[in-house]
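These notes concern the structure reproduced below.
What follows is calculated from the coordinates using simple rules that are stated; it is not laboratory data. In this text, all values refer to a predicted model and were calculated from it rather than measured experimentally. Here the Cβ positions follow ideal geometry from the backbone for every residue, glycine too, while neighbour counts run over all protein chains shown.
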Number of protein chains: 2
Amino acid sequence: MDYGKFFSADVPSFLRSPVREIFRKVDLSAICSFAGGYPAADTFPVAEIPSLAASVLAKYGTKALQYGATQGVPELREAIAQRYGVPVSQVQITTSSQQGIDVCSRVFLNPGDVVLAHNPVYLGALQSFRAYRAQVIEYASQAKFIYVIPDFNNPSGETMSLEERQEIVRLARELDCLIVEDSPYRELRYSGEPVVSIRELAPERTLQLGSFSKIFAPGFRLGWIIGPEELLEQIYVCKQCLDLCPPVFDQYLATEFLVSGALDRNLQKTIALYKHRRDLMVSLLEKYMPAGVHWTYPEGGLFLWLTLPESVDTVALYDKALAAGVAYVAGSFFYTDGSHCNTMRLNFSFIDEAKMEPGIKLLASLLAQHAD
Amino acid sequence: MDYGKFFSADVPSFLRSPVREIFRKVDLSAICSFAGGYPAADTFPVAEIPSLAASVLAKYGTKALQYGATQGVPELREAIAQRYGVPVSQVQITTSSQQGIDVCSRVFLNPGDVVLAHNPVYLGALQSFRAYRAQVIEYASQAKFIYVIPDFNNPSGETMSLEERQEIVRLARELDCLIVEDSPYRELRYSGEPVVSIRELAPERTLQLGSFSKIFAPGFRLGWIIGPEELLEQIYVCKQCLDLCPPVFDQYLATEFLVSGALDRNLQKTIALYKHRRDLMVSLLEKYMPAGVHWTYPEGGLFLWLTLPESVDTVALYDKALAAGVAYVAGSFFYTDGSHCNTMRLNFSFIDEAKMEPGIKLLASLLAQHAD
């Protein structure tokens with residue numbers, strides 16, 4: 001049968017995640033992989049899950065297994081509202097922060113609409129915007145929204161200064177557009193001082209996306225959106241179509257984890273672990289990388305970003321690197337125009353620490369061979 | 001701020017679920033509600049959840065808390081494939097069966113495209129199709145797909161005969177369109193003989209949607225799609241944008257519940273309970289309903305459907321019914337043209353059995369007053 005004719009006009013714009021495609025083909029545990037964006041498994045509160053589950057069932061009974069409200073269960077919305085100092089009516093729970101991006105795309109974007117975003121851009125967001133046939137560009141005089149990860153950007157690892165955030169807000173007000181502030185890493189700061197969030201600078205036009213993936217566990221697909229009630233009202237109606245409601249049992253687990261204080265205790269351990277791994281990676285880069293290789297110094301998050309001599313093509317180099325036993329994500333995948341082939345994203349949260357030195361050594365020697 | 005200008009062209013087509021709107025306003029536990037479509041809480045394996053969770057963590061460790069494959073974890077796909085006798089490559093796990101409907105709409109429907117569906121139609125499906133600005137109609141010479149719940153239809157409770165299923169397949173082949181066979185209730189049969197599924201009659205053009213909501217618990221948002229690999233491949237790429245992957249921990253809980261045999265044991269108890277409730281409701285309708293009221297006799301599922309004298313308007317009657325202490329869903333909500341105001345849907349799975357007789361009595365006396 002010829003199935004091609006059945007697909008909608010959006011389908012040709014669907015972009016496969018090169019990262020997920022790598023995972024389909026290669027057993028990453030067998031090599032030194034700096035490719036994924038996974039949190040370290042050591043940060044998951046495995047030992048606490050059984051008691052969390054028991055206290056969820058004791059407290060909420062069958063309610064924890066039944067359908068729930070489309071906006072999320074009231075207890076979790078309340079906990080998020082308190083943590084971030086906003087009214088409950090401004091909190092929508094999502095089935096992952098990726099769904100937050102998707103639902104914003106669905107509620108705001110028509111084919112041809114403009115999303116403003118600075119390159120390099122988070123791949124999951126690029127996928128969503130393109131799937132709705134929006135244009136993702138860096139400068140325009142009209143736009144539906146500005147998309148930004150101000151804290152420890154994925155992929156670059158960079159953090160926006162207060163002045164840069166104020167500039168985003170000024171631009172959004174000038175263009176009269178919204179801001180989608182994607183904040184999955186905001187609580188993972190290892191050094192430097194926190195900068196005020198864009199939502200706090202422009203609450204009237206910002207949708208801030210949060211995630212439990214990096215502060216609890218990604219196996220629970222849970223995130224949230226904080227934003228103006230008028231916008232959340234349409235997101236609520238849209239979410240009825242998407243999946244009726246976020247996973248209820250998982251929401252109660254997250255509630256227990258958060259309100260008991262266990263989340264904050266776990267977060268301190270996570271921060272200590274990731275700070276160590278960031279420092280280790282930076283020291284290894286300094287030790288092994290040949291001249292002409294530069295990297296960002298992330299104050300938090302999971303990634304750093306390498307810029308290599310112009311002669312190196314990280315896409316072309318990828319299969320050689322894999323064969324040698326090291327994986328990364330080529331930087332050009334994060335560019336809306338596929339440019340910047342001399343860049344790559346390295347993840348420091350997930351890799352086994354014992355593999356970090358051999359991995360960076362391998363990568364450095366490959367780069368030394370291929371930079372003229 | 002005027003937020004209206006930010007919304008996409010799809011937004012005016014978003015339809016609020018009148019059922020979910022009722023739940024927002026009324027404490028249904030205080031009245032006799034036949035309105036929702038919830039499974040009975042007694043059917044949830046509450047006592048087994050802690051040991052399921054423990055064995056998931058013992059068997060899969062941190063993998064159960066990490067990101068997973070977009071298609072679903074291999075263990076659950078394998079279990080579903082075995083249960084339904086299909087290859088693993090034809091199974092996509094979804095974050096709820098509602099997401100199955102949404103992703104099919106997204107991958108196949110353009111604005112203006114035709115979905116064929118017989119009235120009355122499941123509301124969640126109507127919401128999804130309309131949100132993509134598709135036309136939902138009963139007869140047409142061109143269509144993207146035919147949408148059908150052949151077993152114990154929501155809302156009508158009716159089951160299609162083999163001949164009716166063959167007629168659907170014949171029509172789909174004539175129009176060269178797909179079939180979306182929505183099967184959330186298929187395993188809940190209380191009497192009569194199983195009829196072959198449409199997927200088995202036309203595997204080359206059928207996407208069959210399954211759900212754990214009625215055979216495990218809806219608080220885990222888990223379903224699946226069985227269909228041709230070529231179609232699932234695009235659904236897989238689309239699902240990356242939606243939420244990256246289905247909830248991983250919940251998928252492992254479902255796997256354990258299924259492969260241990262606990263699901264089938266629990267299903268037998270669920271069937272016995274619901275059969276009793278169906279029989280009770282039918283006997284109460286026979287006892288109390290005035291002349292001129294007719295109902296379907298469902299062989300399974302959660303609903304039956306009442307047809308009243310033409311003079312009764314169930315939408316107009318609704319507030320009176322609520323004030324008197326009984327809730328239902330007006331049938332016209334399930335009609336694409338809002339017609340059939342003299343019908344209603346009654347749910348028999350969720351209501352406290354002690355409330356069933358007073359509820360049906362109340363409803364019968366209201367109907368007797370309002371039928372001329």
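The angle between the Cα long axis of helix B:248-259 and the longest principal axis of the Cα atoms of chain B comes to about 80 degrees, rounded to the nearest 10. Here's the picture: a label point sits 7 Å out from the Cα of B:Gln166 along the beta-carbon direction, and within the stretch B:73-100 nothing has its amide nitrogen under 19 Å of it. If you take the Cα centroid of the stretch A:127-155 and the Cα centroid of the stretch A:295-331, the two points sit 23 Å apart.
The convex hull built on the alpha-carbon positions of the protein assembly as shown has an orientation-averaged projected area of 31.1 nm². The C-alpha atoms of chain A define a longest principal axis, and helix A:262-288 lies at about 10 degrees to it.
Once the Cα atoms are used to define both axes, helix A:49-60 deviates from the longest principal axis of chain A by about 20 degrees.
Taking the Cβ of B:Tyr84 as the center, what net charge do the other residues with Cβ under 13 Å away carry, scoring Lys and Arg +1 and Asp and Glu -1?
0
Centre-to-centre, using Cα atoms only, the stretch B:41-109 and the stretch A:183-201 are separated by 34 Å. By DSSP, the beta bridges lying fully in chain A are antiparallel in about 55 percent of cases. Relative contact order for chain B: 24 percent, from Cα pairs under 8 Å spaced at least 6 residues apart, divided by residue count. Computed 3J(HN,Hα) for the stretch B:71-77, one whole-Hz value per residue from the Karplus formula 6.51 cos²θ - 1.76 cosθ + 1.60 where θ = phi - 60°, is 6, x, 5, x, 4, 6, 4, glycine and proline marked x. In whole Å, what is the distance between the alpha-carbon centres of the stretch A:236-272 and the stretch B:341-369? First find each Cα centre; the distance between them is then 38 Å. Full extension of the chain segment joining A:Ala54 with A:Lys287 gains 79.0 nm, where the gain is 0.36 nm per residue of separation less the Cα-Cα distance. For a quick check, take a GNM of chain B with Cα springs below 10 Å and name the residue from B:Val26, B:Val91, B:Val56 with the largest mean-square fluctuation. It is B:Val26. Which pairs, out of A:Lys361/B:Lys59; B:Lys269/B:Lys361; A:Lys239/B:Lys214; A:Lys275/A:Lys361; A:Lys355/B:Lys239; A:Lys59/B:Lys239, put more than 24 Å between their alpha-carbon atoms? In this structure, A:Lys361/B:Lys59; B:Lys269/B:Lys361; A:Lys355/B:Lys239; A:Lys59/B:Lys239 lie more than 24 Å apart at Cα. Taking max minus min of the alpha-carbon positions on each principal axis, the stretch B:63-260 gives extents of 49, 40, 27 Å, largest first. Look at A:Arg133, A:Arg77 and count the other Cβ atoms within 10 Å of each Cβ; fewest to most, that gives A:Arg133, A:Arg77. Derived scalar couplings between HN and Hα for the stretch A:170-185 equal 4, 5, 4, 5, 5, 7, 6, 10, 8, 10, 9, 9, 8, 10, x, 10 Hz in order, rounded to whole Hz, by the Karplus curve 6.51 cos²θ - 1.76 cosθ + 1.60 (θ = phi - 60°), x for Gly and Pro. Is any residue of the stretch B:305-329 close enough, with backbone N under 14 Å, to a label point placed 7 angstrom from the Cα of B:Lys361 along the Cα-Cβ axis, and if so, which? Only B:325-326 pass the distance filter. Its Kirkwood hydrodynamic radius, worked out from the mean inverse distance over all distinct Cα pairs, puts chain A at 21.7 Å.
Once the Cα-Cα distance is subtracted from the 0.36 nm per residue extended length, the A:Ala368 to A:Asp176 segment shows a gain of 64.3 nm.
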